Amino acid sequence: MNADMPAATPASASLQAVLSTHGLRLRGGWQPDADDAIPKMPGGQTAAVVWMVGVVGSEFWPFFKASSFYQDGSPDPLDRWSFALGSELANRWGGVALFPFDGPPYHPFQQWATRAEPLQASPTLLRIHPEQGLWHAYRFALALPAVLPEDWHVIRSSRMAAPGPDLCLTCNGQPCLSACPVDAFTGEAYKLDACAAHLHTPEGTDCMQTGCLARRACPVGSAYRYVPEHAAFHMKAFVGKH
């Protein structure tokens, strides 16, 4: 095979095997249509599938922390790490990598995610997973020009999964709504200014060092909570922009 030609379309299992070497997970896939405005593939083909790639808990943290992106002191290390990985994999398989931070305009990752996994809305405005709770995220998506026959069941099962009970409406007391010291979450909106102002004060130290109190109050998926160093990394990045 010509070295410049992309490798054969990967099976979802082999794609997951590659992602696992970076602490990432294949988080389902979906079949795009013209309304999704997915870019054409390098060969001019229309995308046959969009695979969602993300993190669960802090599984990826040791891999990212060991990377040159984390250690070089330049801005946005996690986005740059994600961009390098996504771009390399897309190039390997003749597809296109799509990123949640590439904008404006930004790709609707939250909407895409609900087409790949059984996610629900939550009062924190984050999508909640029935097992992982709020402790998951999406780093990039891979739009590829072909799907192997054995992988269609993955896509169909994502699309046809029956919705479960509303995790938040059935949650006893909804502690996420009362845990925030500045009531930044109303259940319908997020008061960004109030949150950011709190984090810039000594009273915000707990959130800064171990993660958002409201997020940590959610009882779903508590086993997947970010380790403090990982949580503090995200909080520092958030404060640096607000």
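Assorted remarks:
- Qualifying residues in region 116-128 (those that are touching a residue at least 60 places away in the same chain (Cβ under 8 Å) and surrounded by 19 or more Cβ atoms within 10 Å (Cβ to Cβ)) - the one farthest from the chain's Cα centre (by Cα): Pro123
- Residue check, Ala184 surrounded by 17 or more Cβ atoms within 10 Å (Cβ to Cβ) and in contact with a His (Cβ under 9 Å, 6 or more places away or on another chain): yes
- Residue count for region 179-206, restricted to those that are of a type in the set (Ser, Thr, Tyr), at pLDDT 95 or above and under 23 Å from Pro219 (Cβ atoms): 1
- Pick from region 84-112, criterion among the small types (Gly, Ala, Ser) and surrounded by fewer than 20 Cβ atoms within 10 Å (Cβ to Cβ), ranking: farthest from Gln31 (Cα to Cα): Ala84
- Residue pairs whose Cβ atoms lie under 6 Å apart, separated by 6 or more positions or on different chains, with the first residue in region 163-188 and more than 16 Å from Arg127 (Cβ to Cβ) and the second open to solvent by 50 Å² or more (accessible area, probe 1.4 Å), are Ala184/Lys191.
- Test result for Gly44, part of a loop (DSSP other than H, G, I, E, B) and open to solvent by 10 Å² or more (accessible area, probe 1.4 Å): yes
- Some residue of region 19-35 being out of contact with any strand residue (DSSP E or B) (no Cβ under 8 Å at 6 or more places or on another chain) and surrounded by 15 or more Cβ atoms within 10 Å (Cβ to Cβ): yes
- Qualifying residue in region 152-160 (condition: under 14 Å from the mean Cα position of the chain (by Cα) and either of a type in the set (Asp, Glu) or buried (at least 19 other Cβ atoms within 10 Å of the Cβ) (or both)): no
For (1) assigned to a helix (DSSP H, G or I); (2) closer than 17 Å to Arg25 by Cβ; (3) out of contact with any strand residue (DSSP E or B) (no Cβ under 6 Å at 6 or more places or on another chain), each residue gets a yes or a no:
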{"position": "Met52", "(1), (2), (3)": "no, yes, no"}
{"position": "Phe63", "(1), (2), (3)": "yes, yes, yes"}
{"position": "Tyr70", "(1), (2), (3)": "yes, no, yes"}
{"position": "Gly73", "(1), (2), (3)": "no, no, yes"}
{"position": "Ser82", "(1), (2), (3)": "yes, yes, no"}
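- Residue list for region 1-18, filter: buried (at least 19 other Cβ atoms within 10 Å of the Cβ) and at pLDDT below 95: Pro10, Ser12
- Per the conditions (1) under 24 Å from Gly103 (Cα atoms); (2) buried (at least 18 other Cβ atoms within 10 Å of the Cβ); (3) touching a residue at least 24 places away in the same chain (Cβ under 8 Å); (4) not aliphatic (A, V, I, L, M), the sole criterion not satisfied by Pro77 is (3).
- Looking only at region 51-74, and only at residues there that are open to solvent by less than 70 Å² (accessible area, probe 1.4 Å) and more than 14 Å from the chain's Cα centre (by Cα), the one that is farthest from Glu229 (Cα to Cα): Ser74
- Positions within region 198-215 being open to solvent by less than 60 Å² (accessible area, probe 1.4 Å) and either of a type in the set (D, E, K, R) or within 16 Å of Val56 (Cα to Cα) (or both), in sequence order: Gly211, Arg215
- Pair list, Cβ under 9 Å, 6 or more apart: region 214-235 residue among the polar types (S, T, N, Q), other residue not in a loop (DSSP other than H, G, I, E, B): Ser222/Gly133; Ser222/Arg216
- For Glu131: the one exception among (1) more than 28 Å from Met41 (Cα to Cα); (2) surrounded by 20 or more Cβ atoms within 10 Å (Cβ to Cβ); (3) not hydrophobic (A, V, I, L, M, F, W, C): (2)
The values are calculated or read from the model by the stated rules, or taken from the named source; none is laboratory data. Remember, it's a predicted structure, so these values are computed and weren't measured experimentally. Please note: Cβ atoms are built from the backbone with ideal geometry, for glycine as well, and neighbour counts cover all protein chains shown. Calculation scope for accessible area: heavy atoms of the full protein, side chains included, ligands and nucleic acids excluded. Shrake-Rupley method; radii C 1.70, N 1.55, O 1.52, S 1.80 Å.
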